[in-house]
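Comments concern the structure below.
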Amino acid sequence: MPSEKRLGYTLALKGISESAMTAFGKGVTIFFKSVSASVLIFCILPSSSFALTSPSSSAPIPTVGASNVISIFSDAYRDLAGTNFNPNWGQATAVSVVTIDGGNVLRYSGLNYQGINIGSDVGTEQDVSGYESVHVDFWTADSTEIKFFLISTGPQETFYSLPVETGKWVSVNIPLTEYSSVVDLTRVFQFKVEGDGTVFLDNLYFQNSVSNGQNNSVDCGDCTESLSGVIYHWGSHKFISSVELTVTSPAEGSAQTIIQDASSDTAGRYAFSEPLNGSNRLQISKDVLEENESAVVTSLDALAALKIAVGINPNNDPDLEGPQGRLPVSPYQFIAADVNRDGRVTSSDALEILKMAVGLENAISASWVFVNENYDFVNRSTTGQTSGFSTSRSNVNWDIENIILENVDQSEINLVGVLLGDVTGDWESPGNSDTLDESYFVNLSERLNSPMSQWGLSSLAPVITSFSFLKENNPNINEDITMDISSNLIAGRIADNIPTTDLIATIIHDGFELTKNGIQQISGKTSNDFTSIVEYQVVDVDGQSNVYQVDLIRFTGLPIIYLTTEGMVPIDSKENYVDGYASVDGGRMAPDLSATDIEIRGRGHSTWYVHPKKPYQMKFEDKVNFLGMPKDRKWIFLAEYSDKTMLRNKMAFELGYLSDLEWTPNSMFAEVYLNGQYQGTYHISQKVEESSNRVNIGDDGYLIEIDTPDHLTPEDVVFQAENFLMSIKEPEISETSVEYAYIRDFFREFESALYGPEFVSESAGYSKYIDMTSFVDWYLISEITKNVDSRNYSSMYLHLVPSGKITMGPLWDFDLSFGNVDYADSRYTDGYWIKEHAWYQRLFQDPSFVRLVKERFMFFKGNQNFLLNKIDEYAEQLRWAQEENDSRWATIGSYVWPNPVVFDTYTEEVNHLKAWLSARMDWLGQALNDLSLVEVVIEDGESISVVSVPGIIQAEEYTDMLGIQSESTGDVNGGENVGYISEGDWLEYEIDAAEMGEYLVEYRIASAREGGSFEMMIDDEALDQQIVPLTDGWQNWITISTTLNLTAGRHRVRINARSDGWNLNWIRFTLQ
């Protein structure tokens, strides 16, 4: 007696005295246990003496097709992924999922109220307006009231009172019209249950009722009056007509009475006219039509039966050498092959089928057999997982014909027809009737948990439906961990910093076998190392398979660095190292490092003195491959405290990797523990220093930093250049050395050439002193990021090798870039910043340099999407790290010096960074495009700037003037404008028109009072006069214009102030 079969028993309590029956009271409870196939042990107890506190059986199995259901919690369907069954709403209810009768059931203990967020942790809106009802099965022993709420966003909610009956499963279909007056059925995202006691819930889903019209569906959840159904062929899926059905009573014995009869129509449909009560037998038959059924059986069927008899699969390989294999032999094929009905498929059956095929007189006659569609042919484990069909060549169960109706409370039984001898399943209906489509069998397969091969179809690939790590199997974890399943990726996280090398997974799947590297996996038993991504393969009995990758993140997923100082002393000095040792658990991202001796001290300037999260410099005794980066001794721990994204230095480095700079530091993010205490997420970087793996300046080169006096120590070796204080970082030299004199004099010669009258000359100008490529790339990276320190403050590195040129780089100290500063205009996306660097101010007067900058910018602009994607990539890498870091330091949502804006979430911080970079790229693209190409020519021993036209003349870049002054402008492109203009003042410019023609001339002007005017003269001829309109402010800018004709070549432009009270920013010439 298989335990999964449900049987009805009628027990006559013979021999029990009347007094004994009275002693039992009005009710008795009868328990029985199967000891063997033929022995049952019964226990009879008074109902009042045995009070159940939990259900002993599972809830009724749903019969609605999966295509008509949105399932939230049910073993019968595939549930909506991501649902949170225990959101924290402040409830007292204890929630758990328990196993009852082999199925999962939701238990609410000590219920006061309990919510369910549908589809995600916080609830995702579902449109259920097209569904008729919400179904729920519940069981309780002690509840007195249960209210079932439906909630839509708003929130809008109302409840339905469930009909409480204790000690039994109660199934309820609640019409959605009970809620629709209050709840928006297009935006449902939560359930809530209110009540008392302990309640068990199962089969929670939205459903539609299903008709049996032309859609070939055979579910009939609302039919309650009489038995009906459809009949179809197992292999062709055609409806079968002219099937005779008879209900007889009683089920056993020789005297059987015909109660009702019916027959199937051309749509395979049958229906009895009256309801059935008591115990009845359903008898089914169909005449074989010689013109089609007999002709279906051929020698191919005999060959197929012979193959089955000797253990060979007769089914064809659907894609030959492709990934699909032969379908397993269907139980219906075994039935069709066992034509002599002896419960086995042998060569005798094959011979009989061959006789049928050739029409011998002594052949067994073809006949039909009909099977209840719900008959379970599948072997199942105790957890309900399938392990192949129970039917085999040596076990053809003819009990399939014995269809007993016990107090039928279902109104529909669908039947599957098998023509004996038709082993290949080729039968077609004579009238070419309609066919059940494959979607029907997909739903049927899900409902019965049976492979699609039962009906001669390839199964959907098996799936893993649940993957978790339970504390009861893994005592080292602090709580159960349920992994998210998205497609074939199973992902989750252990929030604690504990090893993942020996964990036991609890896995629910609908396949036949689960393996890892070919080794069978047992749910809740087999342990594995989840340090790296683990692959599982689930296979069903049809040979279909699915491969899943399990990605279990430990802590934050980043490498973990453990720093321990001798005696656990603190690191409280930037000058003095303390001894200790470091080790690394690299996880998936970096190699491990066993405990290794180190020295460590503080570092930085404002980052050391202002912020509580301290940066460090660590050095090993010997060169070490640290976090997978090239071997070296010294390493920098950047705290990134004021940069809440922790990405600004990293993105500056990414720009460096794109550039042609000789070297940019490698870096990685890691978690850091100091003396056993978590310190947060750090950005671990190579140090800017001379090394073959870093700044490779050889044996005689020099590493130099433009620095500020505030950062210097008495030991630093420095010299004063024209505009900057230069600190010689490496090698160690004295101020009296030849090397010192060489460096100092080289820079002085460079600046003399840069600011001299022949600065653009190839022989006497600046270009022979500097590496142009590095100067352009360093400028653009610093200008794109608008790094506050890179204009005139500190951390501007450059290097020089004797007989070589000054080379800019490497990049360093960009945490106050990308607008992350509140005390300078570098916070804004508009305006130049590095262009005001003393060297670059002069370099931009060389049209050759400007041309290089404009051309090179297009390369970086072309990589804008790459950079934005990198931000997303690193932000995802820090997904968990930023949470842990913020738990330690609580910076998100708070002001940290010198943040210009404060956001409440890490995601908003990252989005701000991306938006800032995009806007900055857009502004620079326009500004550089508008930048004039100014050529400097030498005339009479003097340098004269000549502006190419078409182009823009910046007002402050005059060749001569009288009376005016320059000032910082508030116009969109920044820079300077000309102001303080009085009547009689003038400015002169030299232009070079590319070609003759009519030009649009635009003047960018501002005025705080009326009456301003000026004239333009070209080559001493007055060609235009303008009245300056009032703009209501000295920095409220507008553009006025005129047109005039120019010949090609050089011209002198003069602006004469006819009256005062106006400012000029630029003049633009555009060829018409």
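May I ask for the distance between the Cα centers of region 947-972 and region 1025-1062, given as a whole number of Å?
11
Using θ = phi - 60° and the Karplus curve 6.51 cos²θ - 1.76 cosθ + 1.60, what whole-Hz ³J(HN,Hα) does each residue of region 993-1004 get, with Gly and Pro shown as x?
Listing the rounded values in order: 6, 5, 7, 6, x, 8, 10, 7, 10, 10, 10, 9 Hz.
Using Cβ contacts closer than 10 Å as the measure, can you line up 169, 89, 455 from fewest to most?
If I rank by nearby Cβ atoms, fewest first, I get 89, 169, 455.
Can you return the lysines within cross-link range of residue 238? Criterion is Cα-Cα under 25 Å, with same-chain partners fewer than 8 residues away left out.
Partners within reach: 286.
Net charge around residue 686, counting only other residues with Cβ within less than 11 Å of its Cβ (Lys, Arg = +1; Asp, Glu = -1)?
Net charge in that neighbourhood comes out at +3.
With contacts defined as alpha carbon pairs under 8 Å and 6 or more residues apart, what's the relative contact order of region 66-207 in percent?
34
Measure out, as a whole number of angstrom, how far apart the alpha-carbon centroids of region 799-820 and region 558-572 sit.
Cα centroid of region 799-820 versus Cα centroid of region 558-572: 31 Å apart.
Report, in degrees rounded to the nearest 10, the 0 to 90 angle that the Cα long axis of helix 299-309 makes with the longest principal axis of the chain.
Rounded to the nearest ten degrees, it is 90.
Ordered by residue, what ³J(HN,Hα) values in Hz, to whole numbers, does region 129-141 give under the Karplus form 6.51 cos²θ - 1.76 cosθ + 1.60, where θ = phi - 60° and Gly and Pro are x?
With coefficients 6.51, -1.76 and 1.60, one gets 5, x, 9, 8, 8, 10, 9, 8, 9, 9, 9, 8, 9 Hz.
Before rounding to the nearest 500, sum -39500 (n - 2.57) across all DSSP H runs of length at least 4 in the chain and divide by the residue total; then give [θ] at 222 nm in deg cm²/dmol.
-5000 deg cm²/dmol
Taking the 0 to 90 degree range and rounding to the nearest ten, how far is the long axis of helix 772-785 tilted relative to the main principal axis of the chain, both from C-alpha atoms?
The two axes meet at around 60 degrees.
Which whole-number percent is the relative contact order of the chain (Cα, under 8 Å, 6+ apart)?
6
Mind listing the long-range amide H neighbours of residue 260? Cut-off is under 5 Å, sequence gap 5 or more, other chains count too, H placed in the peptide plane at 1.01 Å from N.
Hits under the 5 Å cutoff: 247.
Using the number of other C-beta atoms within 10 angstrom as an exposure proxy, rank 137, 1019, 376 with the fewest first.
1019, 376, 137
Enter the angle in degrees (range 0 to 90, nearest 10) between the Cα long axis of helix 438-448 and the first principal axis of the Cα atoms of the chain, meaning the one along which they spread out most.
Helix 438-448 and the main axis of the chain meet at about 70 degrees.
Determine, for each peptide in 808-821, 536-549, the mean count of other beta carbons within 10 angstrom over its residues, then list the peptides with the highest first.
The densest-packed peptide leads the list: 808-821, 536-549.
Give the cross-link partners of residue 516 among the lysines, using a straight C-alpha distance below 21 Å as the criterion and excluding same-chain residues fewer than 8 apart.
Straight-line reach from residue 516, under 21 Å: 525.
Based on the mean of other beta carbon atoms within 10 Å per residue, what is the order of 789-796, 836-843, 1037-1044, 124-131, most packed first?
Result, highest mean Cβ count within 10 Å first: 789-796, 836-843, 124-131, 1037-1044.
Which whole-number percent gives the relative contact order of region 464-554, counting Cα pairs below 8 Å spaced six or more residues apart?
Relative contact order here is 31 percent.
Kindly rank 827-833, 960-966 from highest to lowest mean number of other beta carbons found within 10 Å of each residue.
Per-residue mean Cβ counts within 10 Å order the peptides as 827-833, 960-966.
Greater than 19 Å separation of Cα atoms is the criterion. Which listed pairs, 650/914; 614/914; 574/687; 574/614; 650/786; 619/687, meet it?
Check vs 19 Å cut-off fails for 614/914.
Tell me the net charge near residue 616. Cut-off is 10 Å between Cβ atoms, residue 616 excluded, with +1 for each Lys or Arg and -1 for each Asp or Glu.
Cβ neighbours under 10 Å give a net charge of +4.
Using alpha-carbon positions, what is the distance between the centroids of region 416-444 and region 604-678, in Å?
What the calculation gives is 69 Å, centre to centre.
Compute the signed sum of charges (Lys and Arg +1, Asp and Glu -1) over the other residues within less than 10 Å, Cβ to Cβ, of residue 160.
0
Any read-out appearing in this document is the output of simple, stated calculations on the displayed coordinates, not a laboratory observation. Computed from a predicted structure; not experimentally measured. Backbone-built Cβ (ideal geometry, glycine too); neighbour counts: all protein chains shown.
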